[in-house]
Amino acid sequence: MRITRFTHSCVRVEHDGGVLVVDPGTWSEPHALDGADAVLVTHEHTDHVDVARLALRGVPVYAPEGAQLPDVAPLSVTRVRAGQRFTAAGIEVSAHGGRHAAIYRGQPDCPNLGYLIGDGLYHPGDALHVPDEPVRSLLVPAQGSWLRLDEAIRFAAAVAASATYPIHDAQLNDRGLASVAGWFAETIPGYRHLVPGDTA
């Protein structure tokens, strides 16, 4: 399985000829979707899903039940629930979690699914749900209005993946990014900082 990191939370997964893209939002590069066979959307926020771009591509999309996605033809969305297993782009996927992390007094709240992809790549979206299955490679949110660095590090430690890569960091400037990456590198074994365009 080959992982390519794009801006913010967007990741491209290539496996046995299939191309699966997770969370291609308005902040990510449009070419992340080139040749995509399917798309996983963790939740409805625009930094994770660009509905208009997906509609133009005509690629099958999997998103949480209850996610409020604009009705843009010819977008084809398959609704997914926590605990469900399915195949997307020829890759086995299981859905975990259920709700977006709270920012302030429970708001905003929306459906959010983490996806365990293939042989153990986990993308949690905007939540810190630890799946009840082994994770080999974790995509850890590095920063967000809903997230403290302490929480992110504790989440990564609880998942205990052999490899950990950052996502969800587009709001950090270079100085902040270096600081966050330094903390992860010091505390999480197997952490490797990826910038957009890097592969693992």
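Just so it is clear, none of the values below were taken in a lab; they were calculated from the coordinates. Just so it is clear, the model here is predicted, and its values are computed rather than measured. Ideal geometry is used to build each Cβ from the backbone, glycine not excepted, and the neighbour counts take in all protein chains shown.
Taking every residue in segment 142-161 that is closer than 22 Å to Pro196 by Cβ and pairing it with any residue that is polar (S, T, N, Q) and buried (at least 17 other Cβ atoms within 10 Å of the Cβ), at least 6 positions away or on another chain, the pairs with Cβ-Cβ distances below 6 Å are Ala156/Thr164; Ala161/Ser137. Out of the residues in segment 104-124 that are of a type in the set (A, V, I, L, M, F, W, C) and touching a residue at least 24 places away in the same chain (Cβ under 8 Å), state the one that is surrounded by the fewest Cβ atoms within 10 Å (Cβ to Cβ). Among those that are of a type in the set (A, V, I, L, M, F, W, C) and touching a residue at least 24 places away in the same chain (Cβ under 8 Å), it is Cys110. For segment 50-66, a tally of residues being assigned to a loop (DSSP other than H, G, I, E, B) and surrounded by fewer than 19 Cβ atoms within 10 Å (Cβ to Cβ) returns 4. In the set Ala127, Ala152, Ala156, Ala170, only one residue is crowded, with 21+ Cβ neighbours inside 10 Å, of a type in the set (A, V, I, L, M), assigned to a loop (DSSP other than H, G, I, E, B) and within 15 Å of the chain's Cα centre (by Cα); that residue is Ala127.
Counting the residues of segment 8-61 that are within 14 Å of Leu75 (Cα to Cα) and without any contact (Cβ under 8 Å) to a residue 12 or more places away in the chain gives 1. Each residue in segment 64-103 was checked for being without any contact (Cβ under 8 Å) to a residue 40 or more places away in the chain and not acidic (Asp, Glu), and 24 pass. Within segment 67-105, the set of residues being part of a strand (DSSP E or B) and acidic (Asp, Glu) comprises just one member, Glu92. For segment 9-51, the candidate set comprises residues that are over 11 Å from the mean Cα position of the chain (by Cα) and hydroxyl-bearing (Ser, Thr, Tyr); within that set, the residue that is farthest from Pro196 (Cα to Cα) is Thr46.
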